[in-house]
Amino acid sequence: MAGAAARTTVIVTPQFLTARDVAAHNLTNSILRWGEDDWKVGKPSKDAASISSFQVVDEIFHRLANRAIFPNLKTIVLAGHSAGGQFVQDYAVLGRGEADLGDAPVHIRYVVANPATYLYSTDERPNSDGEFAPFDATACRAFNRWNYGLQAGIPAYLPRPSSIDEFKTRYLQRDIIYLLGTADNAPDGDGQDQSCAAEAQGATGYTRGQAFDAYVHILDPHTTQRVYEARGIGHSSYRIFSSVCGQAALFDKSGCDSASE
């Protein structure tokens, strides 16, 4: 799929199992397992170890940055689609692995593909005119809870920034590509979140992604974060990552013209 890029790439695919998976495959009690939706928001595993799913990525980053193992590694790309896209964005907000690479000159890029919703750092949300304004919490009390916002419910994953401003500042410094399928636009389509907290961000995955990109550039007009749009592609991990813009996001390949394919 990636052509020549694949010959110089190591692909690591973490598997966040649930208790149902462990039972179905008769796995030992030492195997980590999470609640059905807990892994994507950084909650601790449902076992004796009680490890945040974010700690798994911390360890992967730490291992990849070990020059004795990967002496020529230059870039780590953390990418995910749908629930995986939510996980990647949440990790970009809260994760500490990027700061724990030692002296290794490794660049980290995050690819957030077609998530159902985004994590906002303020109480502003897009209105019907596309403008941003403080959201009326009486219309949806969960609109700003983790992982829609930072008001409450942040997982016990330490150490973490001491203030929301610190969260926001660090996040805006991350190298992030929002990879959107322009056909991921059905309000009741696959992978869509129809909760009131999600609806506060827009009607569909695609419009929520466009709105969040505008929001990020309001927070920091000079941010390097950007959107790549894969034309005609819906909620499909295979199609979006194999698209021209998907390949550009993952492997720096050419052909994705600015914000659209």
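The values are calculated or read from the model by the stated rules, or taken from the named source; none is laboratory data. Computed from a predicted model, the values in this text were never measured in an experiment. Virtual Cβ from ideal backbone geometry, glycine too; neighbours counted across all protein chains shown.
Numbers below:
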quantity	calculated
Near pairs, Cβ below 8 angstrom, 6+ apart or cross-chain, from the range 193-210 (of a type in the set (A, V, I, L, M) and crowded, with 20+ Cβ neighbours inside 10 Å) to any residue that is modelled with pLDDT of 95 or more and assigned to a helix (DSSP H, G or I)	Ala198/Arg208
Selection within the range 212-235 - buried (at least 20 other Cβ atoms within 10 Å of the Cβ), in contact with a Gly (Cβ under 9 Å, 6 or more places away or on another chain) and not β-branched (Val, Ile, Thr)	Phe212, Tyr228, Glu229, Ala230, His235
Condition broken by Thr117, with the remaining ones in (1) in contact (Cβ under 8 Å) with a residue 12 or more places away in the chain; (2) more than 17 Å from Asp90 (Cβ to Cβ); (3) not basic (Lys, Arg) satisfied	(2)
Complete set of residues in the range 144-192 that are in a loop (DSSP other than H, G, I, E, B), aliphatic (A, V, I, L, M) and touching a residue at least 24 places away in the same chain (Cβ under 8 Å)	Leu150, Ile154, Ala156, Ala183, Ala186
Whichever residue in the range 236-259 is charged (D, E, K, R) and within 16 Å of Arg109 (Cα to Cα) and, among such residues, is surrounded by the most Cβ atoms within 10 Å (Cβ to Cβ)	Lys253
Test: residue in the range 170-179 that is within 18 Å of Gly84 (Cα to Cα), modelled with pLDDT under 95, surrounded by fewer than 18 Cβ atoms within 10 Å (Cβ to Cβ) and not basic (Lys, Arg)	no
Test: residue in the range 45-67 that is on the phi > 0 side of the Ramachandran plot, touching a helix residue (DSSP H, G or I) at 6+ places or on another chain (Cβ under 7 Å) and crowded, with 21+ Cβ neighbours inside 10 Å	no
Residue count for the range 54-79, restricted to those that are closer than 22 Å to Ala156 by Cα and not β-branched (Val, Ile, Thr)	7
Residue selected from the range 105-141 under the condition over 19 Å from the mean Cα position of the chain (by Cα) and small (Gly, Ala, Ser), by the criterion surrounded by the most Cβ atoms within 10 Å (Cβ to Cβ)	Ala137
Selected residue (only one of Tyr120, Tyr110, Tyr148 is modelled with pLDDT of 95 or more, touching a strand residue (DSSP E or B) at 6+ places or on another chain (Cβ under 9 Å) and among the hydroxyl-bearing types (Ser, Thr, Tyr))	Tyr110
